[in-house]
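All remarks here apply to the structure that follows.
The values are calculated or read from the model by the stated rules, or taken from the named source; none is laboratory data. Quick caveat: nothing in here was measured; it's all calculated off a predicted structure. Cβ coordinates were reconstructed from backbone atoms using ideal geometry, including for glycine residues, and neighbour counts include every protein chain displayed.
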Amino acid sequence: MRRTDRATLLAAGLVLALAAGPVAAPAFAVPQRTATATASSTTTGPDAEALAAAISGLPDHDATAAVLRVGGTGTWRGTAGVRDVRTGAPVLENGRFRAGSVTKVVTAAIVLQLASEGRIDLDGTVQQYLPGLLTEGFRPITVRELLNYTSGLRPGASLGDTVEDGYPHRFEKLTPRQVVAASVAQGPAYEPGTHQEYDNIHYTVLGMLIEKVTGDSYAHQAAVRIFRPLGMRDSSFPVGADPRIHGPHNHGYDWIDGRLTDVTDWNMSDRWAAGDMISTTADLEKLLVGLFRGRVVPEPQLKEMFTLPDVPGARYGAALERFELNGKVIWGKTGSRPGYATVIAATPDLTRTLVYSVDSTDAKGDGQGVAQRFGYPAFNR
């Protein structure tokens, strides 16, 4: 399945007013861990009963663990499952995990901060800031078009778009320049600014832009501009091609050739500024709330994250995706890496927020099952 198809299906899963059906019986001998949840007392808060039902019975065939944080008008916290299927040890509420494409929110925020400082012009071009990166066959591509996925760049090189394809290559490395060179070699897919096509390549180039403008590493800029000011103490990027998640973490698993396989150790260098972040649900909640309250990106640059480009079928602003559910407008970002599915989402006024990490055994699938089961109950009233 193409990456854009997966993104579309995941978006559909978040807005379908459906309850998840019964899951298959677990095919591995791990004792189920009792789900734990806490909720504030409010009649206008999240549907605690539906949320508790979503995490009950873990681990099962579809997920080994889940950590959910719902906030705004009323709060709900829930955990269930195991951090390691071999030992049956309970899930860590503040365990670290791979946040996947939620990384793009950090990348967009850094670029917009630099724009607010006058160091980047959103109407400036890739050709201006990164001369020689693109060939003469490309029309000028603006920074704004990279931010909202309308650049016309084709997907770059990767270590595998499916878990099965990538697993044999999980300890190999790709540099950002290698990723982009493979995209450039294919030529443009469409005229910049005329079509929206979600893909990692836009944010790989933005990562290179950040490093060029600041003269600093992308990871350090994320630390000093985003993580430290927001108190995101458990968020980081791997050093080089390090495949490990350091510190306390929940293991990720996927079904490969009919066997439940530990996919926790995996080099994500091919995702980099588009999907290489390691974080926790508590840290991502700080990012979500800080961003929506204007503490991360100042106005008027923040509006770029909540503005859809004027192209047919656009769903994304700068990094963030727009959803509608039960009459509510929701902005958020999904992320998936082998073994881990992540979501951050909120109403613009923060009356409802959601952050979850699910150790999904098909995190790189279409995403509908995870979204319907864990995402929808947070916004169903």
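Examine segment 47-66 for a residue that is within 23 Å of the chain's Cα centre (by Cα) and on the phi > 0 side of the Ramachandran plot, and state whether such a residue exists.
No; the residues of segment 47-66 include none that is within 23 Å of the chain's Cα centre (by Cα) and on the phi > 0 side of the Ramachandran plot.
Looking only at segment 195-217, filter to residues that are free of Cβ contacts under 8 Å to residues at least 12 places away in the same chain and of a type in the set (Gly, Ala, Ser); which one of those is surrounded by the fewest Cβ atoms within 10 Å (Cβ to Cβ)?
From segment 195-217, those free of Cβ contacts under 8 Å to residues at least 12 places away in the same chain are 211, 215-217; that's our starting set.
Going one step further and asking which of them are of a type in the set (Gly, Ala, Ser), we end up with 215, 217.
Numbers: 215: 6, 217: 13.
If we take residues in segment 195-217 being free of Cβ contacts under 8 Å to residues at least 12 places away in the same chain and of a type in the set (Gly, Ala, Ser), then 215 is surrounded by the fewest Cβ atoms within 10 Å (Cβ to Cβ).
Give the residue, chosen from 89, 80, 109, 66, that is touching a Phe, Trp or Tyr at 6+ places or on another chain (Cβ under 9 Å) and of a type in the set (Gly, Ala, Ser).
Values: 89 fails: touching a Phe, Trp or Tyr at 6+ places or on another chain (Cβ under 9 Å); 80 fails: touching a Phe, Trp or Tyr at 6+ places or on another chain (Cβ under 9 Å); 109 fails: touching a Phe, Trp or Tyr at 6+ places or on another chain (Cβ under 9 Å).
On inspection, the qualifying residue turns out to be 66.
Output the residue which, of all residues in segment 220-263 that are closer than 24 Å to residue 286 by Cβ and of a type in the set (Val, Ile, Thr), is surrounded by the most Cβ atoms within 10 Å (Cβ to Cβ).
For segment 220-263, the residue satisfying everything is 226.
Hey, any hits in segment 352-375 for a residue that's more than 18 Å from the chain's Cα centre (by Cα) and either farther than 28 Å from residue 118 by Cβ or outside any strand (DSSP E or B) (or both)? Spell out how you get there, then give the answer.
Here is the first cut: in segment 352-375, the residues more than 18 Å from the chain's Cα centre (by Cα) are 352.
Add one more test, that the residue is either farther than 28 Å from residue 118 by Cβ or outside any strand (DSSP E or B) (or both), and what stays is 352.
Among the residues of segment 352-375, at least one is more than 18 Å from the chain's Cα centre (by Cα) and either farther than 28 Å from residue 118 by Cβ or outside any strand (DSSP E or B) (or both), which makes the answer yes.
Can you tell me which residues in segment 77-95 are in contact (Cβ under 8 Å) with a residue 40 or more places away in the chain, among the polar types (S, T, N, Q) and surrounded by fewer than 18 Cβ atoms within 10 Å (Cβ to Cβ)?
94
Filtering segment 279-322 down to residues that are farther than 18 Å from residue 195 by Cα and in contact with a Lys or Arg (Cβ under 8 Å, 6 or more places away or on another chain), which residue is surrounded by the fewest Cβ atoms within 10 Å (Cβ to Cβ)? Break it down into steps so the answer makes sense when it comes.
So in segment 279-322, the residues farther than 18 Å from residue 195 by Cα come out as 279-303.
Pick out the ones that are also in contact with a Lys or Arg (Cβ under 8 Å, 6 or more places away or on another chain) and you get 279-283, 285.
Numbers: 279: 27, 280: 27, 281: 27, 282: 18, 283: 23, 285: 20.
So the residue we want is 282.
Looking for whichever is within 30 Å of residue 178 (Cβ to Cβ), at pLDDT 95 or above, among the β-branched types (Val, Ile, Thr) and not in a helix (DSSP H, G or I) here; the options are 245, 226, 210. Which one fits? Working first, answer last.
Details: 226 fails: not in a helix (DSSP H, G or I); 210 fails: not in a helix (DSSP H, G or I).
Answer to the check: 245.
Only one residue in 140, 59, 131 is surrounded by 24 or more Cβ atoms within 10 Å (Cβ to Cβ) and in a loop (DSSP other than H, G, I, E, B). Which one? Give the steps one after another, and end with the answer.
On the way: 140 fails: surrounded by 24 or more Cβ atoms within 10 Å (Cβ to Cβ); 131 fails: surrounded by 24 or more Cβ atoms within 10 Å (Cβ to Cβ).
One residue alone meets the criteria, 59.
Does residue 202 meet the test of being assigned to a helix (DSSP H, G or I), out of contact with any Lys or Arg (no Cβ under 6 Å at 6 or more places or on another chain) and under 22 Å from residue 305 (Cα atoms)? So that I can check it myself, show each step before the final result.
Numbers: assigned to a helix (DSSP H, G or I): yes; out of contact with any Lys or Arg (no Cβ under 6 Å at 6 or more places or on another chain): yes; under 22 Å from residue 305 (Cα atoms): yes.
Spelling it out, residue 202 is indeed assigned to a helix (DSSP H, G or I), out of contact with any Lys or Arg (no Cβ under 6 Å at 6 or more places or on another chain) and under 22 Å from residue 305 (Cα atoms).
Suppose we filter 265, 254 for residues that are over 16 Å from the mean Cα position of the chain (by Cα), outside any loop (DSSP other than H, G, I, E, B) and either of a type outside the set (A, V, I, L, M, F, W, C) or within 22 Å of residue 82 (Cα to Cα) (or both); which single one remains? Quick ask: steps written out before the conclusion?
Numbers: 265 fails: outside any loop (DSSP other than H, G, I, E, B).
Every option except 254 fails the conditions.
State all residues of segment 282-323 that are touching a strand residue (DSSP E or B) at 6+ places or on another chain (Cβ under 7 Å) and either assigned to a loop (DSSP other than H, G, I, E, B) or modelled with pLDDT under 95 (or both); if no residue qualifies, say none.
Result: 308, 315, 319, 320, 323.
Looking at segment 279-298 only, could you name the residues that are of a type in the set (A, V, I, L, M) and farther than 13 Å from residue 343 by Cα?
Quick first cut of segment 279-298, residues of a type in the set (A, V, I, L, M) only: 282, 284, 287-289, 291, 296-297.
Answer for segment 279-298, where residues must be of a type in the set (A, V, I, L, M) and farther than 13 Å from residue 343 by Cα: 289, 291, 296, 297.
Among the listed residues 149, 190, identify the single one that is crowded, with 22+ Cβ neighbours inside 10 Å, part of a loop (DSSP other than H, G, I, E, B) and of a type in the set (Phe, Trp, Tyr).
Details: 190 fails: crowded, with 22+ Cβ neighbours inside 10 Å.
Result of the check over 149, 190: 149.
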